[in-house]
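One structure below.
The values are calculated or read from the model by the stated rules, or taken from the named source; none is laboratory data. Computed from a predicted structure; not experimentally measured. Every residue, glycine as well, gets a Cβ built from its backbone with ideal geometry; the counts of neighbours run over all protein chains shown. Remember, those area values only see protein heavy atoms, side chains included, never the ligands or the DNA or RNA. Shrake-Rupley method; radii C 1.70, N 1.55, O 1.52, S 1.80 Å.
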Amino acid sequence: MRKSKFIVFEGIDGSGKSTLSSMLYNKMNEQSLDVYKTFEPTDSPFGSVIRNILNKRIVADEKTIGAMFVADRLDHLTNNSNGIVKYLDDNTHVISDRYYYSSYAYHVPHLSLDYVINANSVCADILRPDIVFFIDISVEESMRRMNTSRKFLDLFENEERIRTTRQNYYNAIEREGKKDNVVIINGERTVEEVFEEIWEKTTALVES
Ligand code: ADP
Ligand code: TYD
């Protein structure tokens, strides 16, 4: 069995994924664990097309958008120089800010959950996470945090879409959560409190 772990952070915008994944990366480094931190959409040429869709420079239909995220994710997994699978095979733990639960959450109801799960099965067949931390905050808290921390809101960042996205996460977790070891974390505590729970669970995972 592979000892290196694939750890994913998920949650609506402003839930704390980027803060917490950086804290986890730093703490694992401090503990002399080999670890690589990454994110989706990636900064590859595939991810760059996606960012242009998100900032509305490129217009595309929902199936095309969904397929772009799958292509970006496949490359993220399999790329010969910096692919996730390569790191794991080299005994390096990998932390990713977003993975396919983001697709399950952001592309429904424009596409059905069945369709998105099916489209992403090429990725799930290659690699399922060892743990997914779903950082849960309310829609109101998300809006509050984004209004104070962001200059511009992207295609998905308005109250109604955030509400739908949060519900979609819950629906997807109910359906697929056990397969991917999804853990729901209350993200409306201090960063330190949230991180303590994440660290406890990560320690148990890497020692297993
Ligand atoms: P995400 O990556 O999920 O969009 P961020 O980590 O960028 O979220 O956090 C969004 C904003 O909320 C940042 O300004 C961050 O400092 C703040 N933040 C993160 N976690 C908490 C928390 N537990 N309590 C209060 N503010 C937080
Ligand atoms: P985000 O992590 O918010 O990046 P940034 O902090 O640079 O804004 O991700 C960008 C957006 O991409 C976010 O609104 C969610 C969306 N997204 C999808 O729609 N589908 C996906 O599969 C992924 C990974 C992200």
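Within segment 87-113, track down each residue that is more than 16 Å from ligand 2 (Cβ to nearest atom) and out of contact with any helix residue (DSSP H, G or I) (no Cβ under 7 Å at 6 or more places or on another chain). Steps first, answer last, please.
Within segment 87-113, the subset more than 16 Å from ligand 2 (Cβ to nearest atom) is 87-93.
Answer for segment 87-113, where residues must be more than 16 Å from ligand 2 (Cβ to nearest atom) and out of contact with any helix residue (DSSP H, G or I) (no Cβ under 7 Å at 6 or more places or on another chain): Tyr87, Leu88, Asp89, Asp90, Asn91, Thr92.
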(request) Within segment 24-33, identify whether any single residue is at pLDDT 95 or above, loosely packed, with under 15 Cβ neighbours inside 10 Å and under 21 Å from Val132 (Cβ atoms), and answer yes or no. (result) yes
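Mind counting the residues in segment 79-94 that are in contact with a His (Cβ under 9 Å, 6 or more places away or on another chain) and over 13 Å from Leu33 (Cβ atoms)? Can you show your working first?
Quick first cut of segment 79-94, residues in contact with a His (Cβ under 9 Å, 6 or more places away or on another chain) only: 82-84, 87.
After this cut, where a residue has to be over 13 Å from Leu33 (Cβ atoms) as well, the list is 82-84.
So the count comes out to 3.
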(request) Mind listing whichever residues of segment 140-198 are at pLDDT 95 or above and of a type in the set (Phe, Trp, Tyr)? (result) Tyr169, Tyr170, Phe195
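Please count how many residues of segment 1-15 are in a loop (DSSP other than H, G, I, E, B) and among the aliphatic types (A, V, I, L, M).
Here is the first cut: in segment 1-15, the ones in a loop (DSSP other than H, G, I, E, B) are 1-5, 11-15.
Imposing the further condition that a residue be among the aliphatic types (A, V, I, L, M) reduces the set to 1, 12.
Total meeting the criteria: 2.
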(request) Mind listing whichever residues of segment 20-47 are in contact (Cβ under 8 Å) with a residue 40 or more places away in the chain, more than 11 Å from ligand 2 (Cβ to nearest atom), under 23 Å from Arg145 (Cα atoms) and in a helix (DSSP H, G or I)? (result) Leu20, Met23, Leu24, Tyr25
(request) Mind listing just one residue for me: the one in segment 48-86 that is more than 9 Å from ligand 2 (Cβ to nearest atom), farther than 19 Å from Arg2 by Cβ and charged (D, E, K, R) and, of those, most open to solvent (accessible area, probe 1.4 Å)? (result) Arg57
(request) Would you check which residues across segment 75-119 are in a helix (DSSP H, G or I) and either within 14 Å of the chain's Cα centre (by Cα) or within 16 Å of ligand 1 (Cβ to nearest atom) (or both) and list them? (result) His76, Leu77, Ile84, Tyr100, Tyr101, Ser102, Ser103, Tyr104, Ala105, Tyr106
